[in-house]
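Asker: Provided herewith is a single structure, encoded as structure tokens, for subsequent inquiry.
The values are calculated or read from the model by the stated rules, or taken from the named source; none is laboratory data. Keep in mind it's a predicted model, so treat the numbers as computed, not measured. Cβ placement follows ideal geometry from the backbone for every residue including glycine, while neighbour counts extend to all protein chains displayed.
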Amino acid sequence: MIKKRSTIKKGMISLLLMFLILGFLPQIYAGEVSSAGITTITEGLDEGSIFDSIEKIYEISPSRLKKGYSTILNEKEAFRIQVDGRDYYIILWDVLDEGSVNLIFPKERQLTLEIGDIVLVDVNKNNKFDVRLELKPIEDINLNQSKKANLFIKEFVESELIPTGDYFELFDVTVILVEKEIYNARELGALITFENFGEGASEIEIVYSIIDSDNLEVYQGVDSLVVQTEDSVVKNFNFLELPFGKYILRTEIFYGQNQTGESEQDFEIVEVPVFLILKEPLFFILIIIILSMIIGYV
């Protein structure tokens, strides 16, 4: 009878352990690409290794995607966009010698583009084109073009009208971090305020950057906003993975006739102190499980 109870107890502990492990597994990709010319990857790559290979993320807000965005990417850098409220990554995987590139989409799909190609893509496979991609030539002859590509992306919809006018424009931008010392990049949060001191509503282009201690940009996000007098944005980075270290969150705005503004704040990602680990509910659950297993064997 005692042996039977011990077996039941061990079985319950094993089930509880399996539940905890499965509950903490991350979900990486949420959709699939479907369009002519997009094929399945034949290399020995899985979704996890593809995502882990991303070296830099360019986050493009829905409003900026609607206007279109172009930048020079290096291999293994990615666009992060939203389609119907879900996040998708478009990764520049390979730059080939003849000037063409291989792009990788969710669910291990790839697309090859040559310079001058314009392709419409159904990102979330709902039988509707979501974005337009174009591979453009790199015009800067002084730039080392090896393993780089000039990629343009734009939402495939009618462009919205924005206010225009011939009047005085002046802006200020302020960045306030929620916490300057965090334990994970996903905890980074900021309140960014834009103040319009001009004579009317104006549109601003916004570039968010994270700079590491080696003065390298490890993240870039782009957005656009029409500001009447004052507006604020709560910026979260709950998808970001960065190692421990010191960083700068920088916000730049561009408006009017080549006018700019900038604000930045330092922050640091540090290891979690031991006393905080001891406070975690999961730690106590594991202690209870271990004690139960010890008692079960006695």
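Asker: Within region 212-236, can you find the residues that are over 19 Å from Tyr69 (Cβ atoms) and not β-branched (Val, Ile, Thr)?
Answerer: Of everything in region 212-236, those that are over 19 Å from Tyr69 (Cβ atoms) and not β-branched (Val, Ile, Thr) turn out to be Asp212, Ser213, Asp214, Asn215, Leu216, Gln228, Glu230, Asp231, Ser232, Asn236.
Asker: Within region 174-192, identify whether any single residue is polar (S, T, N, Q) and touching a helix residue (DSSP H, G or I) at 6+ places or on another chain (Cβ under 7 Å), and answer yes or no.
Answerer: no
Asker: Evaluate region 213-236: report whether one residue or more is modelled with pLDDT under 90, in a loop (DSSP other than H, G, I, E, B) and not aliphatic (A, V, I, L, M).
Answerer: Within region 213-236 (the criterion being modelled with pLDDT under 90, in a loop (DSSP other than H, G, I, E, B) and not aliphatic (A, V, I, L, M)), the answer is yes, since at least one residue qualifies.
Asker: Let me ask something else about it. Here are the criteria: (1) at pLDDT 85 or above; (2) in a loop (DSSP other than H, G, I, E, B); (3) polar (S, T, N, Q). Tell me which single one Asn150 does not satisfy.
Answerer: Result: Asn150 passes all but (2).
Asker: Among the residues that make up region 125-142, is at least one of them touching a Ser or Thr at 6+ places or on another chain (Cβ under 9 Å), touching a residue at least 60 places away in the same chain (Cβ under 8 Å) and more than 24 Å from Arg64 (Cα to Cα)?
Answerer: There is no residue in region 125-142 that is touching a Ser or Thr at 6+ places or on another chain (Cβ under 9 Å), touching a residue at least 60 places away in the same chain (Cβ under 8 Å) and more than 24 Å from Arg64 (Cα to Cα).
Asker: A further question follows. Checking Ile90 against (1) at positive phi; (2) part of a strand (DSSP E or B), only one condition comes out false. Which one?
Answerer: Going through the list (1) at positive phi; (2) part of a strand (DSSP E or B), Ile90 breaks only (1).
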